[in-house]
Amino acid sequence: MQTIKPSLARGTRDFGPALMAKRKYIFNIIEGVFRQYGYQPLETPAMENLSTLTGKYGEEGDRLIFKILNSGDYLKEVDTNDFESAKENQSRSFTSLVSEKALRYDLTVPLARYVSMNRHNIAFPFKRYQIQPVWRADRPQKGRYREFYQCDADVIGSDSLFNEAELCAIYVTVFKKLGFRDFSVRINNRKLFAGIAQAIGMGQKVTEFIVILDKLDKIGREAMTAEMVAHGASENNINAFFGVLEKTVTSEKWAALAAFSEDAHLHKGLEELHLLFKLIEPFDLGKHLVFDPTLARGLDYYTGTILEVVTHEVAMGSIGGGGRYDNLTGIFGVDGLTGVGISFGAERILDVMEQLNLFPETVQRSSDILLYIFDDAQFEYAGSLLRQLRAAGMAAELYLEAGKMKKAFSYAEAKAIPYLALIGDQEVAGQSVMLKDIRSGQQSPVGINQLAQHLKNAL
């Protein structure tokens with residue numbers, strides 16, 4: 001049999017026990033906060049019908065959807081003339097001939113599909129959270145993977161801006177619990193873009209304006225201005241818009257934007273932003289909230305409030321984002337259900353936390369105590385003690401190579417186990433263990449009936 005060199009698909013990675021412990025730590029904190037705010041769990045399939053996903057993420061997003069070839073002989077039912085014509089023209093119809101399903105691109109569109117299918121069994125507003133992987137055929141780079149987890153919280157069936165206020169509070173609460181100190185929740189409203197685009201001369205090209213604006217952080221002001229001018233914008237008016245951005249006080253930015261354009265949509269967006277910031281005040285989120293008129297968020301389905309989280313402690317892209325989407329379920333024949341939601345970028349959060357050393361030492365702990373026997377004569381005694389410790393809620397292991405203390409120490413250190421219980425004939429006779437704190441090196445005898453409580457007090 002031919003041997004194969006093991007390798008990973010580009011843009012993916014393995015998660016060994018150490019990384020899994022860190023991921024679980026992140027997920028548990030996020031899930032705990034979601035539950036505090038009344039959100040319920042949901043899971044959807046890894047694959048969706050291709051028609052469910054396409055047309056929801058913009059032209060660029062559609063290109064990044066991982067298509068799945070039809071099972072079996074996927075060309076068997078395809079008319080040869082149709083195939084050759086579609087292949088020659090490189091049209092979308094070529095994909096439709098050989099692929100009916102795709103890996104999910106995000107968790108929001110599957111949520112809209114789920115709500116549409118189960119609307120008669122759902123109590124609205126429907127507050128759900130979802131922690132599952134998604135797939136994007138993007139170019140792998142630092143902090144960007146083709147397979148990654150999203151941790152989403154969405155409210156469907158309520159147009160109250162109080163939902164956005166609570167989602168902002170969820171962001172700040174989670175990142176503080178994770179140990180982040182210098183981060184911002186950037187806030188904007190997509191209703192502003194029609195008015196800004198109109199004012200700079202791109203009123204008929206609002207979509208193009210948003211796409212270019214979304215690249216500002218990547219390409220800079222000069223390149224962004226050049227692109228907009230190429231689409232008919234006035235350089236003077238673009239500079240005037242940047243003058244608005246230079247205002248340091250949020251209320252001054254709002255006033256400058258109101259004077260910059262008379263567009264009704266823009267003024268509606270400003271009205272919503274003003275109300276949102278009023279609703280946020282009781283949550284006392286302080287310095288972490290920032291109004292940013294350049295925040296675009298590239299997904300086409302956002303219609304109102306948009307959010308993005310960035311950390312200023314490490315060079316990394318956004319570590320969270322979301323927004324308001326009106327009538328997303330309308331594409332599935334269910335009108336009138338507005339929604340708003342946020343997502344945590346779990347992989348990037350993990351990378352940032354590793355760089356900042358934010359994980360507590362206990363995250364790596366696989367067990368609370370490791371039992372070590374000097375020879376097989378103590379095996380039965382150790383087995384009984386294992387059962388007793390586990391019944392008391394302790395995580396306990398037995399090192400199976402009797403008489404190899406050095407290896408037992410190395411094993412405990414590698415798995416961040418803080419305590420080693422040494423068991424010899426003297427301990428068996430005295431119904432005790434010699435308990436050694438691996439971190440300090442101190443040791444003392446402890447009776448087996450007191451061991452579990454002793455560990456609980458010490459850990």
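For this structure, a couple of remarks:
- Contacts under 6 angstrom Cβ, first residue in the range 337-366 being among the basic types (Lys, Arg), partner not in a helix (DSSP H, G or I), 6 or more apart: ARG348/GLY143; ARG348/MET316; ARG348/ILE319; ARG365/ALA416
- A residue that is assigned to a loop (DSSP other than H, G, I, E, B) and on the phi > 0 side of the Ramachandran plot cannot be found anywhere in the range 112-132.
- Pick from the range 306-320, criterion touching a Gly at 6+ places or on another chain (Cβ under 8 Å) and assigned to a strand (DSSP E or B), ranking: nearest to ASN189 (Cα to Cα): ILE306
- Residue list for the range 140-173, filter: under 20 Å from GLY339 (Cβ atoms) and among the β-branched types (Val, Ile, Thr): VAL155, ILE156, ILE170
Per-residue answers, yes or no, for (1) surrounded by 12 or more Cβ atoms within 10 Å (Cβ to Cβ); (2) at pLDDT below 85; (3) not in a loop (DSSP other than H, G, I, E, B):
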site	(1), (2), (3)
VAL33	yes, no, yes
GLU48	yes, no, yes
THR52	yes, no, yes
GLU59	no, yes, yes
ILE68	yes, no, yes
SER71	no, yes, no
TYR74	yes, yes, no
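Listed here are the residues, each with its yes/no results for (1) out of contact with any helix residue (DSSP H, G or I) (no Cβ under 8 Å at 6 or more places or on another chain); (2) over 22 Å from LEU19 (Cα atoms).
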site	(1), (2)
GLY345	yes, no
ALA414	yes, no
GLY424	no, yes
VAL428	no, yes
MET434	no, yes
HIS454	yes, yes
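- The single condition among (1) charged (D, E, K, R); (2) surrounded by fewer than 19 Cβ atoms within 10 Å (Cβ to Cβ); (3) touching a residue at least 24 places away in the same chain (Cβ under 8 Å) that GLU227 does not satisfy is (3).
- Scope the range 408-430; condition touching a strand residue (DSSP E or B) at 6+ places or on another chain (Cβ under 6 Å) and either exposed (fewer than 15 other Cβ atoms within 10 Å of the Cβ) or more than 19 Å from SER367 (Cα to Cα) (or both); matching residues: GLU427
- Unique residue being aliphatic (A, V, I, L, M) and either buried (at least 22 other Cβ atoms within 10 Å of the Cβ) or under 30 Å from ARG439 (Cβ atoms) (or both) when the list is LEU358, LEU285, LEU279, LEU275: LEU358
- Residues that are over 24 Å from PRO140 (Cβ atoms), crowded, with 17+ Cβ neighbours inside 10 Å and of a type outside the set (Val, Ile, Thr), drawn from the range 1-30: ALA21, TYR25
- So ILE170, is it within 15 Å of the chain's Cα centre (by Cα) and farther than 18 Å from PHE359 by Cα: yes
The values are calculated or read from the model by the stated rules, or taken from the named source; none is laboratory data. As the structure is a computational prediction, the values presented were derived from the model and not from experiment. Glycine also receives a Cβ, built like all others from the backbone with ideal geometry; neighbour counts cover every protein chain displayed.
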